[in-house]
Every structure is written in C-alpha cells, then in structure tokens.
1. Given Cβ point charges of +1 (Lys, Arg) and -1 (Asp, Glu) and nothing else, what value in debye, to the nearest 20, does the dipole of region 1-126 about its Cα centre take?
2. Note down, for region 270-388, the three equivalent ellipsoid semi-axes (square root of 5 times each alpha carbon gyration tensor eigenvalue), biggest first, whole angstrom.
3. Assuming R0 = 25 Å, what is the FRET efficiency of HIS76 and ASP332, from their Cβ-Cβ distance, to the nearest 0.05?
4. With only alpha-carbon pairs counted, each pair once and no self-pairs, how large is the Kirkwood hydrodynamic radius of region 49-98 in angstroms?
5. Under a 10 Å cutoff between Cα atoms, tell me which one of PRO239, PRO154, PRO260 has the largest fluctuation in the Gaussian network model of the chain.
6. Counting Lys and Arg as +1 and Asp and Glu as -1, what is the net charge of the other residues whose Cβ lies under 12 Å from the Cβ of ALA349?
7. Compute the relative contact order of region 185-257 as a whole-number percentage, counting only Cα pairs closer than 8 Å that sit 6 or more residues apart in sequence.
8. Heavy atoms only, 1.4 Å probe, whole protein assembly: order ARG126, ARG275 by accessible area, highest first.
Amino acid sequence: MLPSAPPDTPAVAHASRLREAVVHAAHTSAGLREFLGALRGADAAVALTILEDLAEAESTARIDRLLRSAHAGSVHLPSELPIVHPLDYAWLFTADSQTALVAEAAANTGPGELIVYLGCPTVHERGRRELRDRLHLLLDRDARRVHAANRAAPGSALELDLLYDPLPDLQAAHVIADPPWYPASAHAFLNAATLLLRAGANVRFAFADLLTRPDADRDLSVILEAAEQSGLEVIQTDPGSSRYQTPPFERAALDAAGYPGVPDDWRLGSLTTLRRTTAPAPPRIHVDEPLWLAHEIDNIPLRTRPDAPATGEGLLQPLLGGESLPSVSRRDPRRLNAALWSSRNRIYASSDPPALARLLSALAGIASGAAAVPVSDEIVRLVTLERQEHGLPALESTA
C-alpha cells in the first residue's frame, strides 16, 4: 500500500496560498500600501514576516524598499475619542469606504425611508449628514458611540448588543452591517438584518477577505448559506471592496511586531449584498461570548476577565514584559492567561482575577473602596502610559 499524503489542512493550504500571493505582490507592487492591498486581507505582520524570509533567499531592490518602508517609523495622529479596545472589534471604515457605502444606501432607498447601521457608527454619521431626507438609525453596543450620535441627532441611535439583544420592530429599506469577522458574530448580524429589513430590501454585509486567515473563504460560504436558509438571497460578493482605518490597538501590535511603517489604511475586507426575501422571519439568534468586564479610567478602556486562571503571586503581572502583544487575533494562545487586557494590546496575568476585576470597577467609579487596594498605583501607571501613547494630555491624577 502506498503511504497516504499528508493532509492538506486549512492552515497548510492558507500558508501556501499566502506565500504565493506575497511572492507575486513583492515583484509587482510599487509600494507598501499596494503590496498589502494585493494580499486579499492577509495580516500585515504575517505577510511581512514572509517577505523577510523571501528577502533572505532572494533580495531585490523592490523587496528591500518594501521592507525599509515597513520598518521605518511613521508619524501617527493622536487617537480619536472614544478610545477603542481590542474587544470592541472597532475597525472603522476609511472615509472613501464610508462614502461608497452611503452612496449605495442612497441608490437603494428613497426620501423618508429608513437606513439601519449595524455596528458602523462612522458610516451612520456620514449617512446622516449626506442623506438628510432619509431616516437613519444606528444599533451599537458601545454606549459612548450611541450617546454621541444621539447628542448630534436625538433618537438616531440605540444601545443594543447585536449578538443577543432583542430587536426593535422595523421595516428598514436598507441595512449596512459590519460585524466582528468571526462566523458566530457575523451570523448574528445577518440574522438581525433579516429581522429588520422589509421584503425586497438589501443588506450590505462586511466580512474578512480570502487570505485574512485560514478558512476565511469557507467561513463566508457557510455564513451566506445559513443566511439564504433564513430569508436572505445572496446577490454578489465584492472582494477587497472595503478599506479600514487601523485602530490604536492594532497600531500598537504592528509596532511591537517591528513594522511601524505599515500604512494606517492597509486592511481590506469584502462586501456582500444580500436581499430580503418573502420567507417567514427566522427566530432571533443569541451568541454567548467569553466574560470580559469593561472599565474606563480617564478615557482609557480596560477589560478584566474574572474567570481567568489564577497565575503567580501578584494581583497584576505583566505578560510579555509589559510590551504590547504583537497580534490582534483572538486565536493567539498568549491570551489564555490574560486577566487584564489594555487599550494598547497589553495583557496581564493575576493571582486573583476576581479581585483585580473589583479593583478596576472601583477605580472606574462603578464600585467603592479603591483606596484600600494597594495595587492601584500600578493601574495608575498603566493608564498614564497609555494616555501618553494615545497622544492624550497628561492628568494630575488618574485614580
């Protein structure tokens, strides 16, 4: 009997496809932005690591220029408020992508009709400004974004978690949905769109492009198949048609990986158009996520996990020497011991994760008794450091 061939696992197949794409782009791209844009959503740090390996075997002037650009320090603007956290999954569309999405919404709606925005606050803001004769409603779980939208236009936003909260009864003429790029979350967002849309109306749905991770193409196929079974008809998918602004936590990860020169708008995704059929409305989907508690201290969002494994002897112990984790993937195994996760992608272990969570709640003003906890000075130093890294002004006190 002949020996069987090694299994072509998704990870192996993805690595092979990505390497081929890097080799091709390395020989055809004029600059770093074009190089990364040609890689169908592939993680910038991973792609550049492959390019480093390629340079050792085949150093060319073009490859050398790409790597010099990636390693070169860049000037980045101060972070915009509200500061986002990695668990917010807040990759916001660039201005050009916002404009394109609003133009599509305009083409698919008429005066007085309702456009609903699922997890895309900047598109909601632009749509409200540019399509004044339409109705606009943002559904988002970030209370800060919802409050800002309602200050500008009262009643234009609802604080709502699209992964499990009940939905309002609407007959939307168009929906724009930008979920976290994971199957369960994306399925929940499309389920919400199905329930919010009137028959014959469209949803423009954002998701990861082909090379973003192993099985990204299969994930999208499964998501769209499920959507078709529950009341949506797939019209078309447009790879590489959306572009995102790098959030501060991802910038910190790229800097930690050694690539501070990656352009701020390098990340691309796909957009799919689906149409609501006349099929009966499906039941509401509920998606449970790991428990992370949200805290905000002096504009710096922090997250604690009370059920994290107790590790070591200190209430707060920096992992990776206090440096930022050089990855934003939730599959990164280094996150398993994290009891605290910062806005700049730092992770910390704890000997008592529930006590650490109580401390953060106290410092954030949610509970009382912070003065009695001796580790508060360490949190103050972390918040002070991250305010500085975000380009925010120094404060006299952060506790």
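The values are calculated or read from the model by the stated rules, or taken from the named source; none is laboratory data. Here the structure is a predicted model, which means the values were calculated and not measured. In this analysis, Cβ positions are derived from the backbone assuming ideal geometry, glycine residues included, and neighbour counts consider all displayed protein chains. Just the protein is used for accessible areas: all its heavy atoms, side chains included, with ligands, DNA and RNA removed. Shrake-Rupley method; radii C 1.70, N 1.55, O 1.52, S 1.80 Å.
1. Details: 8 positive and 15 negative charges, 40 e Å.
Charge dipole, region 1-126, about its Cα centre: 200 debye, nearest 20.
2. On the way: eigenvalues 221, 61, 46 Å².
Each semi-axis is √(5λ); the values are 33, 17, 15 Å.
3. On the way: r = 23 Å, r/R0 = 0.92.
Once rounded, the FRET efficiency stands at 0.60.
4. Details: mean 1/r = 0.0700 Å⁻¹.
Kirkwood hydrodynamic radius for region 49-98: 14.3 Å.
5. It is PRO154.
6. Surrounding charge for ALA349 is +2.
7. Working: 29 pairs, mean separation 22.1, N = 73.
Relative contact order of region 185-257: 30 percent.
8. Details: ARG126 40, ARG275 90 Å².
Final ranking, largest accessible area leading: ARG275, ARG126.
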